[in-house]
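Report on one structure; see the data block that follows.
The values are calculated or read from the model by the stated rules, or taken from the named source; none is laboratory data. None of these values were measured; they are calculated from a predicted model. A quick note on method: Cβ atoms are made from the backbone with ideal geometry, for glycine too, and the neighbour counts reach across all protein chains shown. Ligands, DNA and RNA are stripped out before the accessible areas are found, and what is left, the full protein with its side chains, is counted by its heavy atoms. Shrake-Rupley method; radii C 1.70, N 1.55, O 1.52, S 1.80 Å.
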4 protein chains.
Amino acid sequence: MKRKLRFGMVGGGNGAFIGNVHRRGATMDELAVLSAGCFSRNPEKNKETAWAWDITDADRVYTNFREMAEKESQRNDGIDFAVVVTPTDTHYEIVKCFLTHGIHVVCDKPLCYSLDEGIELQKLAEEKDLLVGLTYTYASYAIIHQARKMIDAGAIGEIINVIAEYPQDWVMLSLLNSSGINGQWRMDPARAGGSACCSDIGTHLEALIGRMTGLKLERVLARFNHYKNSPLEHDVQILLDYENGIPGMLWASQVAAGYDCAVKIRVLGDKGSIEWNHTNPMEIRYAQLNKPVQILTANRVYCDNTCTNLCRLPAGHPEGYYEAFANVYKSFCKTLLAQMEGAKIREYHYPTLTDGLAGLRFVQACLKSNASENCWVSLDSL
Amino acid sequence: MKRKLRFGMVGGGNGAFIGNVHRRGATMDELAVLSAGCFSRNPEKNKETAWAWDITDADRVYTNFREMAEKESQRNDGIDFAVVVTPTDTHYEIVKCFLTHGIHVVCDKPLCYSLDEGIELQKLAEEKDLLVGLTYTYASYAIIHQARKMIDAGAIGEIINVIAEYPQDWVMLSLLNSSGINGQWRMDPARAGGSACCSDIGTHLEALIGRMTGLKLERVLARFNHYKNSPLEHDVQILLDYENGIPGMLWASQVAAGYDCAVKIRVLGDKGSIEWNHTNPMEIRYAQLNKPVQILTANRVYCDNTCTNLCRLPAGHPEGYYEAFANVYKSFCKTLLAQMEGAKIREYHYPTLTDGLAGLRFVQACLKSNASENCWVSLDSL
Amino acid sequence: MKRKLRFGMVGGGNGAFIGNVHRRGATMDELAVLSAGCFSRNPEKNKETAWAWDITDADRVYTNFREMAEKESQRNDGIDFAVVVTPTDTHYEIVKCFLTHGIHVVCDKPLCYSLDEGIELQKLAEEKDLLVGLTYTYASYAIIHQARKMIDAGAIGEIINVIAEYPQDWVMLSLLNSSGINGQWRMDPARAGGSACCSDIGTHLEALIGRMTGLKLERVLARFNHYKNSPLEHDVQILLDYENGIPGMLWASQVAAGYDCAVKIRVLGDKGSIEWNHTNPMEIRYAQLNKPVQILTANRVYCDNTCTNLCRLPAGHPEGYYEAFANVYKSFCKTLLAQMEGAKIREYHYPTLTDGLAGLRFVQACLKSNASENCWVSLDSL
Amino acid sequence: MKRKLRFGMVGGGNGAFIGNVHRRGATMDELAVLSAGCFSRNPEKNKETAWAWDITDADRVYTNFREMAEKESQRNDGIDFAVVVTPTDTHYEIVKCFLTHGIHVVCDKPLCYSLDEGIELQKLAEEKDLLVGLTYTYASYAIIHQARKMIDAGAIGEIINVIAEYPQDWVMLSLLNSSGINGQWRMDPARAGGSACCSDIGTHLEALIGRMTGLKLERVLARFNHYKNSPLEHDVQILLDYENGIPGMLWASQVAAGYDCAVKIRVLGDKGSIEWNHTNPMEIRYAQLNKPVQILTANRVYCDNTCTNLCRLPAGHPEGYYEAFANVYKSFCKTLLAQMEGAKIREYHYPTLTDGLAGLRFVQACLKSNASENCWVSLDSL
């Protein structure tokens, strides 16, 4: 009988919702078990989290990630991969540490802030033949894979335009919240890598476009908008230039009152278009010139295997955000298990270091464009 | 440190999706651990399922439910509750067995087919002071609890009408499916208790109306429609009479081509109305006379605690069917844990035997009405 | 050069919105000119309306409909048809009068209250070879004709069910309105023919189903609900039996708080279904088993001529309620003009006396069913 | 008794749908009568159109606009205003001619191409105290006026962002159409004033934003995208800078496959937001921080008079594109009638020459920005 993968988690014990999202996602499809962790610097919280998440072996609840990497790498039943859910400014050190110890990694996005550090991590992973996955959630909904398959098959003809947006209002709500700002480090210029909105949710759009189209981004022209004199930008409006002169446009905002993670993408071709809205995450709108508009749903017989493989419920039963996360983990674990057996997996795709680096380049280019009177900045120039 | 509840599962090992829905639901909120099971009569499947679901103690993988009830009831670390996910015609025996052994139960709906057997189970549970929960999923979405609170508080005035529907097309798709019918027992008159659509999904609507309004159903007038000479009905159209002469109307269909679990309910009052659609399961539409229509979302600060307690993600992150199931389990476990500690829980509500018996009465009355030229049948007359 | 038709109007001058709806509808497509009228018993209002609607010949503004029928029938340039927009209890006399004088008629629905009177009108029209059109608006939206063509062509297979609803809240709003009830005669039992909701809007659904499916209604089982002890019913819930045992269900309500003319119909077949919502009146949802759902829009090249003939604007430009009315008039006028030339029109369909009589039978049968403990009543028995 | 206004039309007789849209709009509310026209250079079409539109006096069907201006200005019963619906490159001469003859004008948008010519027309109108209205349709839907009133009253706090879009696919459909391109002059660089998409529909968005917010546009940064090497752009992506540094973003496309006049605007403030979609043209979505989202409908008692004055039907009865046009004419005619009587009208607003000039400046600035590597261009610099 095949074994399950074992994983350990760094972070996630501070009541931040995202830790549990990772845990539930990683374990949802019976491919992996949480076996170790270093959930919080607060020893009490660390223990509590371990108990809540059924880690029965107290030896495997660690006080810091270095100890965890070291000890787990020495065990026969050590973890196969580490899950990193700490604030972004800590990612580089932690990911590097696990890779150095020969342990695969799934890291919350963005990978880190510095392009150089990102490139270093990529080299390290390649040298050690280790997998690194990144949880770009929106790019991981099942139906997005259906869209990609259709686009690759010519369903919309040649792509001529891409329009993407991500409005939300969490920054406004946080500022109103008397009990303080959630995710405060995100608002701290010293810890946020120079960008709030672009780095946090702009990259989600950039990754989503990449996943859905396969197009290479060449240039950006970005404007960053600052809310109420915030030092960091909370709204970005960006013109995009993809390969072959294909234009695109992107809006991301953390100060769009009345919108909640309202991600929307439209890929427009010369024969048709595909639209996806996060408010109905299991379906796409597919339009062809002079034909009735079609609505496709993820878990239907007419979908491609790359899509239905990521569905767990019969049509009509809504899957949501947890399942999108689980899709990253399912794809990552299936790939890792196949690699262990020397096989190849074709139907499962998860965001990799390549996607992570593309995200870093995107943010760097946008920062530069915004700082240069919104001129065009080539990603290759970075 | 408080302990988690332990549970065992009967059924769920045959690849039917619903077993895993129960397991994921029961464990989602870190309140319970799957500790034992008897998942399939097929020993291989039984073992495989136990492995997949991380039951490490082989002694607690049982070959039949009686053995499981007996042995678990004798262990110090025995299960606190049993989860029953077998076909409906087996529920009565299994639930009775666990109750007899002093073990609480969560049972897939409907409870059973015979009203007498249902009443017997209720008596047994009362005598032994045991909890029985039923997984009426649609009644368990977080926002439904918000709707009930608002209705109780007079948000729509006096209720004057209830319109509910549940169209789906799975029977048509199953008949088209060359690899055979899913859930074949549901189509077998000998095993389905005399009703397919009314018992399976009609009861979901009856329970949903009950949960959302608190109204007592007094009379029904039902027509059963048979698809292509099917021995069992796959479409029901029912007039309802609630207490105080409040009318209602219900349509449930398993042969509504192009609809997937498209549950919709409208509760209409003399000052306003509330509407819920399963296609957007986290929100309700609230209309007042001469005022703008409002859209409320489950995980928002303006919601009642009974609603937000059942949300796991910030607004904008879709929760779905698994989470609705998890809501039953969270409410059940919170109540059971409180009972163990002698405390009382007010904010958590799960469908109980009272709801289960109401469902049985509803189906019996509908069967009788349909058999009597669609006359009115009083539920008290049964 | 072909001439335009001339028409006169009876009623419409009391500020009721429906008079102007008829006028705008009748003249929209340059097929007819308002040439005479008797708009109000109030001489001032009568004149004002004539002026507003550009009747330049004062001789053709009449004080009563009998005078108008007589004088117009004697003129060489007399009206070709009369438009009757008075309260329903006056329809019979007025329609009869114009038919007797050899003048075609378009009458607001319902035709009248008494089945006998309706039959008499039909005989009269047949004897005189005169056209009578009825303004069943919802049945006259362009896309409804597309739906019918598709259904006739087998797009959804055999029809197995029809679900229709029409919730609105105007009665509630009227009761709240300090300046009095709009359309007060509709609330007066002495003038409303024994039915408020069933006769006014229930018949819209009955006609819409008929137009969309072509099915013959055989039996009804109706429950009438009375709001706050109103003498007339303002909510009806009806089970339907169409030919060949095809079931249907209908809900109409004038006391559904928060809903505005929210007509919705679903025609369900054994291969697919078609749904129409008045909230998006130019499109239908077409679903086939195991295929993506399609959204069809009225004014597209893929539509049948019977549909596109009734569209005036390019796709994307919303047409609404006035245009639905205009569709009745366009179809009526095209047919009348063709008849005058001895030609035949195939692409234009308007609601006729046959539809009007079907509506009367429907209401009579519902009244009888409701009065007989909601038993089934056959329409042929009336 | 007050008289109706008389108007004449230039153009509209070539079967282009827009002529009839103007006529129906101008006459809908019983404020004006079509009394003269010069509909086509083709004498046959000219006559046919006059007949279809009920111009009974053959003397008032003119062969060219100069003759019409001259003769009508000499009649006692001459036209009060001229409606200009010819291709844009002819507007300047025609509008100038009527103004010169002392006749008010309603002109299809855009006013013309050259800013200098526009300024000249404005001066002329001012000198002669004549009204000029422009048919910016989308800015004229009733609910847009409701939105403006709410925004002025602080409903969304300070405006911090504006996002607007207008995707359609008519250019693609026209290119596919074997019978030739509709509106061919729009595709002809020699006649289109240097811009296709920006001038035709980009200006609709610019005017819509202006109407809804009252904000003054200061700078633009525009990219024009050319479809399949078309000499004119058919897609524009524009960053906007409004007064006080308020950012905005605009996308207009004539090559967005599968979208029909899908205008959408979101005005975002620091306390809430308002969204309007042309697909549901009678309603807006109004969101406030931490409150349920509201849906407002145009013809409701809670709306401001500036909105309800432009509604003709009870709530629930859809009004559409014709009515939006009629709103321009109703507002224009009410203002003109009031001016004739020396009164002042406050509740009616129509797009004026000021709006028309703003549109010209916008297009000129966008053209310049696009030609200058997408740099920022100030509107005051033109």
Qualifying chymotrypsin sites (Phe, Trp or Tyr not before Pro) for region B:252-312 [loop in DSSP, other Cβ within 10 Å: at most 14] = B:Y302
How about region D:114-219: which trypsin sites (Lys or Arg not before Pro) there are in a DSSP loop, with at most 16 other Cβ atoms within 10 Å of their Cβ?
-> D:R191, D:K216
Since chains D and B are linked by a rotation, which residue in D has the beta carbon closest to its axis, and how far is it in Å?
-> D:Q294, 3
Given H placed on each backbone N at 1.01 Å, which residues far from A:K216 in sequence or on other chains put an amide H within less than 5 Å of it?
-> A:E243
About its Cα centre, what dipole magnitude does region C:91-136 give when the only charges are +1 on Lys and Arg Cβ and -1 on Asp and Glu Cβ, stated in debye to the nearest 20?
-> 120
Counting Lys and Arg as +1 and Asp and Glu as -1, each charge on the Cβ, what is the dipole of region B:276-326 about the Cα centre in debye, to the nearest 20?
-> 160
Roughly how many whole Å is it from the C-alpha centroid of region C:107-138 to that of region D:73-104?
-> 48
Which whole-angstrom value gives the distance between the alpha carbon centres of region C:322-346 and region D:198-220?
-> 43
With the label point 7 Å along the Cα-to-beta-carbon line of B:R3 and a cut-off under 16 Å to each amide N, the hits in region B:26-41 are B:31-36
Indicate the gyration tensor shape class of region D:1-120 (rounded, prolate or oblate), computed on the Cα atoms with a ≥ b ≥ c the square roots of the eigenvalues: a/c under 1.5 is rounded; otherwise a/b larger than b/c is prolate and the rest oblate.
-> rounded
Stokes-Einstein D for region C:91-132 (10 °C, 1.306 mPa s, Kirkwood Rh from Cα pairs), in µm²/s, comes to 159
Would you pull out the residues with amide H under 5 Å of D:I160's amide H, same chain only if 5 or more places away, H placed 1.01 Å from N?
-> D:L268, D:G269, D:D270
Could I have the simple spin-label model distance between D:S372 and A:D54, label points 7 Å from Cα toward Cβ, reported in nm to one decimal?
-> 6.5
Ordered by number, the GluC sites (Glu not before Pro) in region C:279-382 that occupy a DSSP loop and have at most 16 other Cβ atoms within 10 Å are C:E341, C:E347, C:E373
Place the label 7 angstrom along Cα→C-beta at C:P43 and in each other copy, then list the distances from the first to the rest in nm, shortest first.
-> 5.0, 10.4, 10.6
So how far, in whole Å, is the C-alpha centre of region C:242-256 from the one of region C:9-55?
-> 35
Accessible surface buried upon A-B contact (total; probe 1.4 Å; Å², nearest 100) = 3200
Dividing the mean separation of Cα pairs under 8 Å (6+ apart) by the residue count of region B:267-338 yields a relative contact order in percent of 18
Which distance in nm do the two modelled labels at D:A190 and D:E158 give, with both placed 7 Å along the Cα-to-Cβ direction?
-> 5.3
Hydrodynamic radius of region D:159-282 per Kirkwood, over alpha carbon pairs, in Å = 15.2
Per residue, how big is the convex hull around the C-alpha atoms of the protein assembly as shown? Give it to me in cubic angstrom, could you?
-> 174
Global geometry of region C:26-78, whether rounded, prolate or oblate, following the gyration tensor of its Cα atoms and the 1.5 cut on a/c | oblate
Per the helix-only calculation at 222 nm, which mean residue ellipticity applies to chain A, given -39500 (n - 2.57) for every DSSP H run of n ≥ 4 and division by its residues, nearest 500 deg cm²/dmol?
-> -10000 deg cm²/dmol
Given the convex hull of the Cα atoms of region A:231-382, what is a quarter of its surface area in nm²?
-> 13.1
Helix by helix through chain B, keep the DSSP H runs that span 18 Å or more along the axis on Cα and average at least -1.0 on Kyte-Doolittle, and give those back in order.
-> B:115-128, B:321-340, B:353-371
Which pairs, out of A:K45/A:K71; B:K368/C:K264; D:K128/D:K344; A:K47/B:K4, put more than 23 Å between their alpha-carbon atoms?
-> B:K368/C:K264
Averaged over residues of A:307-317, the number of beta carbons from other chains lying within 10 Å of each residue's Cβ is 5
Sorted largest first, extent of chain D alpha carbons per principal axis (Å) | 63, 51, 42
Taking each label point as 7 Å beyond Cα in the direction of the beta carbon, state the distances from A:K291 to the same residue in the other copies, shortest first, in nm.
-> 1.1, 4.5, 4.7
Förster-model FRET efficiency, 60 Å R0, C:E30 and D:N229, C-beta, rounded to 0.05 | 0.90
Phi-derived 3J(HN,Hα) across region D:262-270 with the Karplus relation (6.51, -1.76, 1.60, θ = phi - 60°), rounded Hz, x for Gly and Pro, is 7, 5, 8, 9, 10, 9, 10, x, 7
Per residue, what accessible area does region A:38-161 have, given a 1.4 Å probe and all protein chains present, in Å²?
-> 41
Amide hydrogen neighbours beyond the local backbone of C:V255, cut-off 5 Å, H modeled | C:Q168
Taking only Cα atoms of region B:168-226, radius of gyration then Dmax in Å | 14.3, 44
Percent relative contact order of region D:190-278, based on C-alpha pairs within less than 8 angstrom and at least six residues apart?
-> 24
Taking each label point as 7 Å beyond Cα in the direction of the beta carbon, state the distances from C:E67 to the same residue in the other copies, shortest first, in nm.
-> 4.4, 10.0, 10.5
Point-charge dipole on Cβ atoms (K/R +1, D/E -1) for region B:78-221, about Cα centre, debye to 20 = 240
On full extension of the chain, what length is gained from C:L115 through C:T354, given 0.36 nm per residue of separation minus the C-alpha to C-alpha distance?
-> 84.9 nm
Region D:68-187 - Kirkwood radius from inverse mean 1/r over Cα pairs (Å) | 17.5
How many nm separate the modelled label positions at B:I295 and C:M340, each set 7 Å beyond the Cα in the direction of the Cβ?
-> 5.0
per DSSP, antiparallel bridges as share of beta bridges in the protein assembly as shown, % nearest 5, sits at 60
May I ask you to derive the relative contact order of chain C, considering only C-alpha pairs under 8 Å and at least 6 residues apart, and to give it as an integer percent?
-> 19
Say R0 is 35 Å: what FRET efficiency, to the nearest 0.05, do C:E70 and D:E67 get from their beta-carbon distance?
-> 0.15
Each residue of region B:157-168 in order: what ³J(HN,Hα) in whole Hz does its phi give by Karplus 6.51 cos²θ - 1.76 cosθ + 1.60, θ = phi - 60°, with x for Gly and Pro?
-> x, 6, 5, 10, 5, 9, 10, 9, 8, 8, x, 8
Ignoring any ligand, DNA or RNA, what whole percent of the accessible area of the protein assembly as shown comes from carbon and sulfur when the probe is 1.4 angstrom?
-> 46
